[in-house]
Amino acid sequence: MVPSYVPLWYYLLLSGFLFACGVAGFLIKRNIITIFMSIELMLNGVNLSFVAFAAHWHALSGQVFVFFVMVVAAAEATVGLAIIIAVYRTRETLNVDQVNLLKL
Amino acid sequence: MHLILFLAFGAVCVGGAVNLLAQRHPINSALSLIAVMAALAGEYLLLGAEFVAAVQVIVYAGAVMVLFVFVIMLLNAGEEEHTNGSRVAVLLGVPGMLTGSVLVAWVVLRNSGTESVAIGALPGHPTEIAQLLFHDFLLPFEVTSVLILIAIMGAVVLASKPEAATGKVE
C-alpha cells in the first residue's frame, strides 16, 4: 500500500480556524452558555495542533498534554456551568449584557 | 485516501464551527459543537492517536456536552435577543475573527514546508501512553485528580440552593 501523507500545515490551518471561530463566538455571542461552548471550541483547536505536532515529532508527550487539557476543560466546564446556574438563579437571564452588576 | 478522509472530517469541523456561530439557539450550537468534536476524533484517529480519539469521544463529545445540553434544558435557554451590545460585538467581532484567521493562515502558510505527517506514524498505543502518564507525568496526574475533586465540590457549592450553601436546612 502506498503510504499517504497529509501536510502538517493542513492540520495547523484547521486548528487555527477552529481557534479563530472560538474567539469570534466568544466576542459575538450574547448567550453565556454559547460563550462557554466557544471556549471549548478554542480548546479543541489547540488540542488538534498538539496532536498534529506530536505525530510530526514522534513525541507521545503531546498526547498526554491533550489528556491534561481535556481534564482541565472538563473541570472548567463543571464549575462554569455551576456558576451559570447560580447567575440564572439570581438574575433570571442568560444574556451577558444584562449581567452588568458586579454583585451577584 | 488519508487526504480525502482528512478533508472530509475537516469540512465537518469547519461547517460545525461556522454553524455554531450562525445559530441563535444554544441547543443548535451545542449540537454543531458535538459534530465538531466527533469529527476531531476522526482527525485524531487519522493521526494515529487512538487513545486521544477515544477520550475525545467519551469525555468531550460525551460527558462535557451532555453537561452543556443538560444545563441548556435545565435553564430553558431560548434564542438570544439582539441588543446594542450584540451589534457592537458583531461589528467588532467579525472583522476581528477574519483578521485573526487570516493572520494565522498567513503565518502557517509562510512557514509551511514540505513536512508532512505520516499516517499512523506515531506509536500511539495506550500502553506507551500509560507508561508516560503513570511514570513521567505522575505528579501532574495526581494534581489533576485534586483539581477534579475541587471542581466537584465547587460545582456542588455553587449550584446548590443559597440556603443549602449556608447550612440552613429546613
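Throughout, read-outs are computed from the coordinates displayed, never taken from laboratory work. Please read all numbers here as calculations on a predicted model, not as lab measurements. Reconstructed Cβ throughout: ideal geometry from the backbone, glycine too, with neighbour counts over all protein chains shown.
A few notes on this one:
- Ranked by how many other beta carbons lie within 10 Å on average, peptides B:148-154, A:37-43, A:55-61, B:72-78 from highest: A:37-43, A:55-61, B:72-78, B:148-154
- The simple Förster model, with R0 at 51 Å and r as the Cβ-Cβ distance, assigns B:I148 and B:I4 a FRET efficiency of 0.85.
- Added length on full extension, which subtracts the Cα-Cα distance from 0.36 nm per residue, B:V156 to B:I58: 33.0 nm
- Fraction of alpha-carbon pairs over 16 Å apart in the range A:31-92 - percent: 52
- Neighbourhood charge, 14 Å Cβ-Cβ cut-off, centred on A:L18 and excluding it, Lys, Arg +1 and Asp, Glu -1: -2
- The alpha carbons of the protein assembly as shown stretch over 68, 45, 25 Å along the principal axes, in descending order.
- Computed [θ] at 222 nm, deg cm²/dmol, chain A (DSSP H ≥ 4; -39,500 (n - 2.57); rounded to nearest 500): -26500 deg cm²/dmol
- Residues A:T34, B:T99, A:T93, sorted so that the one with the fewest Cβ neighbours within 10 Å comes first: B:T99, A:T93, A:T34
- Peptide-level mean, for B:54-63, of C-beta atoms on other protein chains within 10 Å: 3
- The range B:17-65, Cα convex hull volume normalised per residue, Å³: 51
- The base-10 log of I(q)/I(0) for chain A, evaluated at q = 0.20 Å⁻¹, reads -1.02 [Debye formula, identical scatterers on Cα atoms, solvent excluded].
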